[in-house]
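Undergrad: One structure coming up, written as structure tokens, with questions to follow.
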Amino acid sequence: MKERKEKVLSSLREMGSDVYGQLLKNDFPSVKMPSRSIANILYDDKTRQYILGKRSVKRSARNVRHIRPFTQLLWTAMFVDELTEQNKTSTLRDVFYSAQAYEMDFQDQQESDNLITDLESVVRFSREDFNVYPEERSAIFGDLTVEYTVPGYEGRQLNLTSHPDGVMIGPALTTADFVRPDKRRVDKVIAIEKGGLFTRFIEERVHQRYKALLIHTAGQAPRATRFILRRLNQELELPVYIFTDGDPWGMHIAMVIISGSANAAHLRDLNTPDAVWSGVWATDIVDYKLPSDPLTDLDIKRLNELEKDPRYKGSMWNREIDTFRKIRKKSEQEAFSRYGLTYIVDKYLPEKLKVKPEKA
Amino acid sequence: MTLVQEAFQEISAADFFYRNRDIAGFTSPSRALYSTIRELVENSLDACETGGIPPDIYVRVSLESGPVDGPGTYVVRVEDNGIGVPGDIIPSAFGQVLYGSKYKLRQTRGTFGLGGKMALLYGQITTHSEATIASSNNPRKRIVEYQIRIDIQQNKPVIIKHKQRSNPAHWRGTIVEFRTEADYSRAMAKILEYMKQTAIIVPYANITFVDPRGRLYKFVRGTTKVPKAPTETSPHPHGVDVETVQRLLKITEAKSLQEFLRSHFQRIGETTARKFLHYAGLGQKKTPRNMGPDDVLKLVKAMKSYEDFLAPDPTCLSPLGEELLATGIKKELGVSQEQIDDGTAFVTTLQRKPDTYAGFPFIVEIGLASTKSIQAEGRILLFRFANKIPLLFDEASDVSWNVVNELIDWRNYRVIPGETPLAVFVHVCSTKIPYKTVGKEFIADRPEVEHEILNALRESGRSLKIYLSRREHLEREKKRLDVFEKYLPKVAVFSTRLAKEKKEPDVKQLLKGVMKYTAEEEGEEATTRGSTAEEEQA
């Protein structure tokens, strides 16, 4: 993680030197960045995620419409450079307020968030790399030991079973190093959409019975969580299984973990292409005769959007979308309680852990 | 059942006006004070302009008894430096309500000086006291002073006192002073507005006003040029009625109808008279003496319908003129020549060619002004004037209001109504202003008048548009420079810190160069803010 930090810092400073140099030459400074307009967002089959195309935009201090965002960009870079250097973290909200001290009036939170995204695409690192985190937090539980790198905790280790509610995935955990676990104790990761089921899995000792690390995504997985999932998959070679509600929205939570989001098309290393959506599938609703609700108009609309999305190319995705469309039903993860509280862990889970990654 | 015997009695002209004072604007103590001041000031202005004298008007209102914030007894005094009134006719000029014996027309503020007499009459009946009038029509002669009352039933002046004073200062003019019931606290706003607007439309007048609270208001003239006084003309045949013709027939010395027409009407010469009489079907045998009622009716009808008369003669009109109107607007809005030169304020005026309606000539004059001192308050400010008097009441019923707010699409002139500070001035002069009611407060929507106002505004709107576009451009440039001045130094600071350098680059050179880049920038790809427009798809 240390190396990565050095790269982030040098990338930021490179931008500063570039602007500084242009000013010394009495030129209006400018910065080039990849265009994030819809026309420039492409799906890349190789990395199986959305990426940005070749088009770039120049943001120049010479243009009256650019100079304000240009200055904001530079301020943001300066702010996160100092943040990263001092190993301090900040939230998006913090950035918004800190700017006011420099008379860098951001109109609203949205504007400062956008600037952070701009900076991400200029320096090609995600905001978590320069220590800016969103407020949302999810949790991890399981027999993995991590070693912190944050100030005051450097070298300190923690086993992630030490707290029965799970350990929050925040800046400290995101930047922690992993101690390679014993394959006989941990051989997979299970990501769970709902908090209730996450707790149930811990209570039912799923981590021991199935040798799994459990991650609570709390709905759509935050970037830090997606980053952790990828690291667990790539660094520790652990397969990732995702359990969500059986509806178009749950399906897409899994997809973002697997193939990334259009919003983060300028970033890499956030998706886990080999992760598997294990359920709840539309076909599960039929096969397990799960209690269900009818799909709403909004659900159907979402389904139509997803059908056109290039990420949903595989046969499994097509099958599930078709089935949703046919049965016009959805079921929550909790629907398995119909067969008793432990049914999902005892019967359903072992079946679904046999699912293989979808080859696109 | 009892039969009620209705008692009929003749009333004098004074009595008639006394009984109908409401229609002359004397409805309440506050409205009466406003009308009193207005009528006297207008008489004074007329007296000055007739002599081509730049008016010096002094108005003083003082509280004699009563509360400060309610109806009480006030003393009103109005002085002018006009042509004065000959001593022997002062009593009847101020103490007798006359029916106009004039058969000549010219543009005046009031009609037959009726309003001034109403003011005295109202003062007399509310305070039971007399009026003092002093006047001199010759600086080398003595000043004549009268104290009079009006005998309402007889319609005659009653002279209480009469004296002559020496005139060492060689003064010429008229002073009127009398008691009246009034309510200054309620009338104050309108009175001050009246004076301010009078100062616009009579920019060559000095008006001094001392109010009951001892405050002094001075409206100083911006020029000493007085517009040419209107000449008197005979009526135009399109603009007369049966009564007028009948009266003229009675007093005329003409022996034939041809001669009658030529001597009492404008635009009728020998040929026109002959052709017209043929058109009217009034034979050679008819003379002014033997015209029966049916003949008069036939004559008037023919006068109205005959199309070959020349348009009414406009020389009897006395418009203000573009230059004087601009002077008035500038001085009362506080617009300096520097502001006009540097583009922060704009005033334009326009006078249309004379036009006519129903046999009466009229001229429309327009002013447009835009300056910061005009508070838009969500609308376009409208100032209305008729024969050089401001109209302050019933704005929304006026023809100008309709033109300004309904007929003109201001957006064509780069005006955003309610945002762009804009004042519109409309002055209509005519021998007969087409007032909609007796109250003389708003002008009827005569199509001819409406059309002239509309065209005048459209015409002067073009230069307004040019001005507003230029100002928009200047403001944009200013904003642009402000943006660079705010952000470039910050760019220097932030990049120095980010690059871990010590010395900040100097951005003065760059700031100097900012103006040059406008053109380049217009063509560049518009990438504003950091936002991409797509929805959250995650």
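Undergrad: Give me a single rounded figure for A:73-80: the average over its residues of other chain Cβ atoms within 10 Å of their Cβ.
TA: 5
Undergrad: What is the extension gain from B:Asp88 to B:Ser463, computed as 0.36 nm multiplied by their sequence separation minus the C-alpha to C-alpha distance, in nm to one decimal?
TA: So the extension gain works out to 129.6 nm.
Undergrad: Just to verify a number: FRET efficiency for B:Asn412 and B:Ala229, C-beta to C-beta distance, R0 = 35 Å, to 0.05?
TA: Result of the calculation: an efficiency of 0.35.
Undergrad: For B:Leu114, A:Leu119, what ranking results if the residue with the fewest other Cβ atoms within 10 Å of its Cβ goes first?
TA: So the residues, fewest neighbours to most, are B:Leu114, A:Leu119.
Undergrad: What is the calculated FRET efficiency for A:Ser30 to A:Lys308, with r their C-beta to C-beta distance and R₀ = 41 Å, to the nearest 0.05?
TA: Result of the calculation: an efficiency of 0.65.
Undergrad: May I ask you to give the average projected area over all directions of the convex hull of the Cα atoms of the protein assembly as shown, in nm² rounded to one decimal?
TA: Taking a quarter of the hull surface, the average projection is 65.1 nm².
Undergrad: Using the Kirkwood formula over every pair of different C-alpha atoms, what hydrodynamic radius in Å results for chain B?
TA: 27.6 Å
Undergrad: Please give the FRET efficiency for B:Leu474 paired with B:Lys250, using the beta carbon to beta carbon distance and R0 = 56 Å, rounded to the nearest 0.05.
TA: Calculated value: 0.25.
Undergrad: Taking the Cα centre of the protein assembly as shown as the origin, how large is its charge dipole in debye, to the nearest 20, when only Lys and Arg (+1) and Asp and Glu (-1) carry charge on their Cβ atoms?
TA: The dipole of the protein assembly as shown has a size of about 1660 debye.
Undergrad: Shape call for segment B:262-384 from the C-alpha gyration tensor, a ≥ b ≥ c root eigenvalues: rounded (a/c under 1.5), prolate (a/b greater than b/c) or oblate?
TA: Prolate.
Undergrad: Rounded, prolate or oblate for segment A:133-194? Axes are the square roots of the Cα gyration tensor eigenvalues, ordered a ≥ b ≥ c, and the cut-off for rounded is a/c under 1.5.
TA: Here segment A:133-194 falls in the oblate category.
Undergrad: Same structure, new question: Please order A:Lys301, B:Lys502 by the number of other Cβ within 10 Å, starting at the fewest.
TA: B:Lys502, A:Lys301
Undergrad: Order by neighbour count: A:Trp75, A:Trp249, B:Trp401, fewest other Cβ atoms within 10 Å first, most last.
TA: With the fewest neighbours first, A:Trp75, A:Trp249, B:Trp401 line up as A:Trp249, B:Trp401, A:Trp75.
Undergrad: Are there chymotrypsin sites (Phe, Trp or Tyr not before Pro) in segment A:116-192 that DSSP puts in a loop and that have at most 16 other Cβ atoms within 10 Å, and which ones?
TA: A:Tyr153
Read the figures in this text as sums done on the coordinates, not as results from a lab. Given the structure is predicted, the values throughout are model-derived calculations rather than measurements. Note that we place each Cβ from the backbone using ideal geometry, even for glycine, and neighbour counts take in every protein chain shown.
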